[in-house]
1. Consider Pro195 carefully, then state whether it is more than 14 Å from the chain's Cα centre (by Cα) and on the phi < 0 side of the Ramachandran plot.
2. Does the stretch 201-209 contain any residue that is within 20 Å of Thr120 (Cβ to Cβ), hydrophobic (A, V, I, L, M, F, W, C) and more than 12 Å from the ligand (Cβ to nearest atom)?
3. Would you tally the residues in the stretch 21-51 being within 13 Å of the ligand (Cβ to nearest atom) and crowded, with 24+ Cβ neighbours inside 10 Å?
4. Of all the residues that make up the stretch 108-161, how many are more than 14 Å from the ligand (Cβ to nearest atom), within 14 Å of the chain's Cα centre (by Cα) and charged (D, E, K, R)?
5. Inspect all residues belonging to the stretch 173-186 and state whether any of them is in contact with an Asp or Glu (Cβ under 6 Å, 6 or more places away or on another chain) and of a type in the set (Ser, Thr, Tyr).
6. Determine whether Val216 is touching a residue at least 24 places away in the same chain (Cβ under 8 Å), within 12 Å of the ligand (Cβ to nearest atom) and among the hydrophobic types (A, V, I, L, M, F, W, C).
7. Do we have Gly12 as within 15 Å of the ligand (Cβ to nearest atom) and either of a type outside the set (S, T, N, Q) or surrounded by 24 or more Cβ atoms within 10 Å (Cβ to Cβ) (or both) here?
8. Arg187 - would you say it is at pLDDT 95 or above, within 15 Å of the ligand (Cβ to nearest atom) and basic (Lys, Arg)?
Amino acid sequence: MDLSGRTVLVTGASGNIGHGIARRFAEAGAAVVAHHFGGSVDSLVHEIRAAGGQAAAISADLTDENDCARMVDEATAWRGGLDALVNNAGVQPVQPLADMTAEQWREVVDTNLTSAFACTQAAATVMRERGGSITHIASIEGTRPAPGHAHYSASKAALIMHARSAALEYGRFGIRVNTVSPGLISRPAIEHDWPDGVRRWQEAAPLTRLGTPEDVGNACVFLASGHAAWITGHDLVVDGGVSARPTW
Ligand SMILES: NC(=O)c1ccc[n+]([C@@H]2O[C@H](COP(=O)([O-])OP(=O)(O)OC[C@H]3O[C@@H](n4cnc5c(N)ncnc54)[C@H](OP(=O)(O)O)[C@@H]3O)[C@@H](O)[C@H]2O)c1
């Protein structure tokens, strides 16, 4: 898929999956604005430029809606337009409902959901003239809950419905809005940190392995490309087939 000449903003590019998403966009020829907050995207930007691509770093606190708008404006100004946005930044704390505070609930909802609302609104404003693609990274937990993740699952379910609503309202401007729902994605040392989870996933997955950040990136590149020109309001599950399993 050739995205030469396009500019994409990837939030949470300093994280594990965001890194893979940004890398796949760069490999497809897109100019990448790599967002970070407390972490760094220096090595990612260096890697993309060293391979002949274009990349810029941008920092923002996505729980601040004004910072979301500023980030989108600066990303747009970089090359005079914005063709795609991937709302990937998010947090995944574990907290049983019985002990969950309203503050803990709000932190997850603000970071995972309200940030995507604010970034989408800002991006759609600049995409109105020539269209664009917006993709939220949701999760299979948006349709299947996991213990200790009520706030997380609720935020991801809401992201899926936000994307459908946005697809409805922005379609006439040529703006497509979709979600990608990953299953368990590999990260460095995950086999060491969570051997039981990795084993259970490998047993459950028809494709017998964990996903990679690039598996998620491939789905995002597809949705941003012309090959997905008639796809909007869709939730693309990228989970090695786990959601296809019977649950009883
Ligand atoms: N890991 C999985 O198996 C999995 C499965 C399904 C869905 N997902 C989703 O995929 C996305 C990425 O997950 P990941 O595993 O790559 O997580 P990660 O490595 O922890 O990365 C999280 C990213 O979110 C950014 N972030 C967090 N709070 C922020 C804030 N207030 N403002 C701005 N940026 C903020 C972080 O930026 P800094 O580090 O620079 O602060 C980081 O880049 C998340 O939405 C997650 O829910 C993950």
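1. On the way: more than 14 Å from the chain's Cα centre (by Cα): yes; on the phi < 0 side of the Ramachandran plot: yes.
Answer is yes for this residue.
2. No.
3. The total comes to 5.
4. 0
5. The answer is yes; a qualifying residue exists.
6. Numbers: touching a residue at least 24 places away in the same chain (Cβ under 8 Å): yes; within 12 Å of the ligand (Cβ to nearest atom): yes; among the hydrophobic types (A, V, I, L, M, F, W, C): yes.
Yes; evaluated as a whole, the condition is true for this residue.
7. yes
8. So Arg187 fits the description; yes.
The values are calculated or read from the model by the stated rules, or taken from the named source; none is laboratory data. These numbers come from a predicted model, not from an experiment. Neighbour counts run over all protein chains shown; Cβ positions are idealised from the backbone, glycine included.
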